[in-house]
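Enquirer: Below you'll find the structure I mean.
What follows draws every value from the coordinates through simple rules; no lab data is involved. It should be emphasised that the depicted structure is a prediction, and the values quoted were computed from it without experimental measurement. Here the Cβ positions follow ideal geometry from the backbone for every residue, glycine too, while neighbour counts run over all protein chains shown.
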Amino acid sequence: MITASGPVVDFARPSISEAEIQEVVAVLRSGWLTTGARVAQFERAFADYVGAPHAMAVNSCTAALHLSLLAAGVGAGDEVVTTPLTFCATANVVVHVGATPVFADIDPETMNLTPESAERVMTSRTKAILPVHFAGRPVDVAGVQALARRRGVVVIEDAAHAVEARAQGRHVGGGTADLSCFSFYATKNLTTGEGGMVTTARADWAQRIRVASLHGLSHDAWTRYAADGRPHYDVLEPGFKYNMPDIQAALGIHQLASLEQRLERRTAIWRRYDEGLADLPIGRPAPVRPGDRHARHLYTVLVDQERCGRTRDDLQRALQAKGIVTSIHFAAVHLHSYYATRYGYVRGLCPNAEAIADRTLSLPLSAAMRDDEVERVIEAIHGSLL
Ligand SMILES: *Cc1c(COP(=O)(O)O)cnc(C)c1O
């Protein structure tokens, strides 16, 4: 998109290399487009990267979360504790399995739920805790998992923002939480266009997720058509159509190989934003806790009208007029019509999350951003606030 003032700084332009393009072309020429050898290769590489015994590729993080809840036995009458500062999918899947999402407020600095805030809203019906590593900043997963063990519930982490994150030295998805769900949506740190992954250390859950992700079939098409394959399948349960095709895995294999490089670039942009915005009356992301590694997915600033003389929405409009695309992560989930109406959730339930939801603005951040684009964003924010 081009505006009168020049080319737009995109919000999260994907970085796709020539190697990835060639790999997708190779899949197209191979005669096998759906789930096959490349998905298996991507799953192995991903499991190695996060340090998980099992990785199951699916077609979205939403599917990953849905299957994880099913594998953990979450269903009708159960409650799942999650954060309101997330994408609606995190809560929607809880509704899909017949359970009730219960919202725990966040820590205003980390913007993540804490073991304490989660415990405050747990009841005898709580079956799982579903924390989100907001913006790529790791949750205290070990603390949440310890709470879960003590209360006999499961931890399913939404790691959609956090492929590269480590909490106290341990990779997110590497087995601290019971089940970990990743997103490879177009704007995420690792993209396959659309896609997702579940990792777990539990072989029984891994098997259940694999089967449920493809109609509940006892074995998939790749194994049925293999030279030594078994042509007949059995339906073990009415599963879902959640499998990842090889075309997407082809992207994933290369995106994974260059993941750390892109994180480095986003970290450099992050530091430049930190410096360039330091003199402004806006809130910037908190420093990372020692021992943790932030995945630098979203650089979010807080615009408080009292301090800035402008609202977040004013700033977003001013930047838009200068050709700079920003985004809002997130409107508090419990205040969306469905959740407010269905469960009677009202403003005041999670004051910290609500205050952030009202003030937060995500700046353009992508490894594909040029230095001059970063400077343009910094200048435009100065011009819009001072
Ligand atoms: C993107 C996102 C999802 C959903 O991911 P999909 O792959 O699009 O299903 C879930 N949770 C959070 C926090 C996200 O940002």
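Enquirer: Quick one: order 88, 61 by neighbouring beta-carbon count within 10 Å, fewest to most.
Expert: Numbers: 88 15, 61 27.
Starting with the residue having the fewest Cβ neighbours, the order is 88, 61.
Enquirer: What share of the DSSP beta bridges in the chain is antiparallel, in percent to the nearest 5? Before the final figure, lay out the partial values.
Expert: Details: 25 of 40 bridges.
Just about 60 percent of them are antiparallel.
Enquirer: If you don't mind, there's one more thing I want to ask. In 20 Å bins starting at zero, report the fraction of Cα pairs in the chain per bin as a rounded %.
Expert: Result returned by the calculation: 28, 56, 15, 0.
Enquirer: Rounded, prolate or oblate for segment 49-142? Axes are the square roots of the Cα gyration tensor eigenvalues, ordered a ≥ b ≥ c, and the cut-off for rounded is a/c under 1.5.
Expert: On the way: a/c = 1.63, a/b = 1.07, b/c = 1.52.
Here segment 49-142 falls in the oblate category.
Enquirer: Now for a separate question. Taking R0 as 25 Å, what's the FRET efficiency between residue 16 and residue 241 from their Cβ-Cβ distance, rounded to 0.05?
Expert: Once rounded, the FRET efficiency stands at 0.45.
Enquirer: Once the piece of chain linking residue 120 and residue 48 is laid out straight, how much longer is it, given 0.36 nm per residue of separation minus the C-alpha distance between them? All intermediate terms of the calculation are to be shown ahead of the outcome.
Expert: On the way: separation 72, 0.36 × 72 = 25.92 nm, distance 3.58 nm.
Residue separation times 0.36 nm, minus the Cα-Cα distance, leaves 22.3 nm.
Enquirer: Another question, if that's okay. Summing Lys, Arg as +1 and Asp, Glu as -1, what charge do residues with Cβ under 13 Å from the Cβ of residue 173 carry, residue 173 excluded?
Expert: Working: positive: 166, 170, 293; negative: 43, 48, 157, 158, 164, 178.
After counting each charged neighbour, the total is -3.
Enquirer: Among 254, 226, 291, flag the residue with its Cα farthest along the positive direction of the charge dipole of the chain, charges on Cβ as +1 for Lys/Arg and -1 for Asp/Glu.
Expert: 226
Enquirer: Give the residue list of trypsin sites (Lys or Arg not before Pro) in segment 122-200 that are DSSP loop and have at most 15 other beta-carbon atoms within 10 angstrom. Could the numbers behind the result be given before it?
Expert: On the way: sites: 125, 127, 149, 150, 151, 166, 170, 188; in loops: 125, 188.
Listed in order of number, the matching sites are 125.
Enquirer: Lys and Arg at +1, Asp and Glu at -1: add these up for the other residues within a Cβ distance under 9 Å of residue 121 and post the number. Before the final figure, lay out the partial values.
Expert: Details: positive: 120; negative: 79, 105, 119.
Net of charged neighbours comes to -2.
Enquirer: Count neighbours as other Cβ atoms within 10 Å of each site's Cβ, and list the GluC sites (Glu not before Pro) in segment 107-177 that are DSSP loop with at most 16 such neighbours. If you can, show how the numbers build up before the last one.
Expert: Numbers: sites: 109, 116, 119, 157, 164; in loops: 109, 164.
Hits after loop and neighbour filter: 109.
Enquirer: Using helices alone, what [θ] at 222 nm do you get for the chain, with -39,500 (n - 2.57) per DSSP H run of 4 or more residues, divided over all residues and rounded to the nearest 500? All intermediate terms of the calculation are to be shown ahead of the outcome.
Expert: Numbers: 15 runs with 153 residues, N = 386.
When only DSSP H runs of four or more count, the value is -11500 deg cm²/dmol.
Enquirer: Let me know the charge dipole size of the chain about its Cα centre in debye, to the nearest 20, where only the beta-carbon of Lys, Arg (+1) and Asp, Glu (-1) is charged.
Expert: Details: 39 positive and 42 negative charges, 82 e Å.
Dipole size: approximately 400 debye.
Enquirer: In a shell of Cβ-Cβ distance under 12 Å around residue 39, excluding residue 39 itself, what net charge do Lys and Arg (+1) and Asp and Glu (-1) give? Walk me through the intermediate numbers first.
Expert: Values: positive: 38, 44, 210; negative: 43, 220, 246.
Within the 12 Å Cβ shell, the charges total 0.
Enquirer: Follow-up question, since we're still on this one. For residue 274 and residue 234, calculate 0.36 nm times their separation in residues minus their Cα-Cα distance, and state this gained length in nm to one decimal.
Expert: Numbers: separation 40, 0.36 × 40 = 14.40 nm, distance 5.60 nm.
Difference between extended and current length: 8.8 nm.
Enquirer: Further question on the same structure: Just rank 180, 362, fewest to most, by other beta-carbon atoms within 10 angstrom. Don't jump to the answer; show the numbers that get you there.
Expert: Details: 180 30, 362 21.
Ascending number of Cβ neighbours within 10 Å: 362, 180.
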